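Just so you know, all these numbers are worked out from the coordinates, no wet-lab data involved. This one's a predicted model, so the numbers in the text were calculated from it and none came from an experiment. Methodologically, a virtual Cβ is constructed for each residue, glycine included, from the backbone with ideal geometry; neighbour enumeration extends over all protein chains shown.
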Amino acid sequence: MEQDLTKIVQKRFEDIKNQDETWFEFWSARDLMKPLWYKEWRKFSNVIEKAKISCQNNNRNIEDHFVPKDKMVNLGSWSQRNIEDFFLTRYACYLVALNGNSRIEEIALIQEYFATQTRKQEVQEQRIEDEKRLEARKKLKENERKIEETVYQRWIIQPVEFATFKNKWIEALYNLSVKSLKQKRWIQKNRALADFDTEVELRAKDFIYAITDHNIKQKNLNWKTSLENELVDNSKATRKTLIDRDIIPENLEKQEDLKLIEKRREKEKLLKNKEVKTLNTSD
């Protein structure tokens with residue numbers, strides 16, 4: 001019986017979902033009243049205000065999840081009236097349900113439903129972010145190999161010289177030495193900074209390598225000093241662009257180790273292949 005009621009509650013909620021032209025999903029607060037067993041807007045609006053406070057306390061922008069959207073309703077005799085409404089995200093709906101009367105069984109069930117769906121969405125969003133970082137890291141490695149080949153042909157010969165070459169532009173980008181930055185972010189000495197970078201940092205570094213490689217060839221630069229100056233100048237220019245957009249590179253937070261994410265992906269693939277083999281064997 002409880003399982004059937006859960007399905008009914010879920011269906012009622014999904015049936016009132018709206019989508020815009022970009023497939024962004026949202027709900028009308030007025031439509032949400034009925035599944036949450038509220039008959040008076042006055043009482044329901046109080047629940048919405050509590051949900052807004054919860055949103056703020058969770059360090060999220062209220063305006064991103066609760067969008068005021070009044071609408072006209074017919075009153076009969078050809079007259080209309082403008083009534084208050086909100087467009088709500090799934091997360092906002094969850095907070096509204098969470099602040100509802102949980103002693104009502106249907107509300108308790110929809111609270112559980114929202115908690116599950118919100119967690120699924122968070123996991124999916126995190127997976128997308130991880131994929132973006134993995135892709136950006138792979139591209140950065142490719143461009144690092146390209147510029148390494150370029151400078152080796154132009155008299156940066158020893159690996160230790162290339163290490164110094166890289167350190168100089170990192171210092172220009174972050175306004176910190178590599179050692180200081182690793183200490184600040186609690187990164188081991190033998191690990192690459194890029195494995196803990198945000199996507200923005202990875203893209204910025206990739207851009208620096210790309211324009212440096214281009215300019216070295218276009219300007220036909222040679223010798224260590226000229227090559228280092230070109231790389232440092234491009235790093236400083238990129239730093240200025242980031243700061244102009246309110247992004248301070250050295251203040252960005254350390255991200256999850258990409259090596260661990262790669263291992264997790266490999267484990268998922270192995271488990272999936274194992275499941276497929278088991279199904280094929282059983283057939």
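Taking the Cα centre of region 130-282 as origin and charging only Cβ (+1 Lys, Arg; -1 Asp, Glu), how large is the dipole, in debye to the nearest 20? Display every interim value, and only then the final one.
On the way: 36 positive and 28 negative charges, 87 e Å.
Dipole about the Cα centre, nearest 20: 420 debye.
For the chain, what does the helix formula give at 222 nm: sum of -39500 (n - 2.57) over DSSP H segments with n ≥ 4, over the residue count, nearest 500 deg cm²/dmol?
Details: 11 runs with 187 residues, N = 283.
Helices in the chain give a 222 nm mean residue ellipticity of -22000 deg cm²/dmol.
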For Tyr152, Tyr209, what ranking results if the residue with the fewest other Cβ atoms within 10 Å of its Cβ goes first?
Tyr152, Tyr209
With +1 on the Cβ of every Lys and Arg and -1 on the Cβ of every Asp and Glu, and nothing else charged, how large is the dipole of the chain about its Cα centre, in debye rounded to the nearest 20?
700
Table column - 3J(HN,Hα) (Hz), region 59-64, Karplus curve with 6.51, -1.76, 1.60, x for Gly and Pro:
6, 10, 6, 4, 5, 7
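Would you mind getting me the FRET efficiency between Lys138 and Trp41? Use the beta-carbon distance for r and R0 = 51 Å, nearest 0.05.
On the way: r = 52 Å, r/R0 = 1.02.
The pair Lys138/Trp41 has a calculated efficiency of 0.45.
Percent of alpha carbon pairs in region 130-282 separated by more than 27 Å?
Working: 3606 of 11628 pairs.
Of the Cα pairs, 31 percent sit more than 27 Å apart.
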To make sure I understand, if each residue's beta carbon is the centre and we count other beta carbons within 10 Å, what order do Arg127, Arg103 fall in, fewest to most?
Arg103, Arg127
For Glu125, Glu201, Glu161, ascending order of other Cβ atoms within 10 Å (fewest first) is Glu125, Glu161, Glu201
What shape does region 198-252 take by its C-alpha gyration tensor, where a ≥ b ≥ c are the square roots of the eigenvalues and a/c under 1.5 counts as rounded, a/b above b/c as prolate, and the rest as oblate?
prolate
Whole-number D in µm² s⁻¹ for the chain, Kirkwood Cα-pair radius fed into Stokes-Einstein, 10 °C, 1.306 mPa s
67
Using modelled amide H (1.01 Å from N, peptide plane; none on Pro or chain starts), what sits under 5 Å from the amide H of Phe86, excluding residues fewer than 5 places away?
Ala29, Arg30, Lys69
In region 109-125, whose amide N lies under 16 Å from the spot 7 Å out along Cα-to-Cβ of Leu271? List them in ranges.
120, 123-124
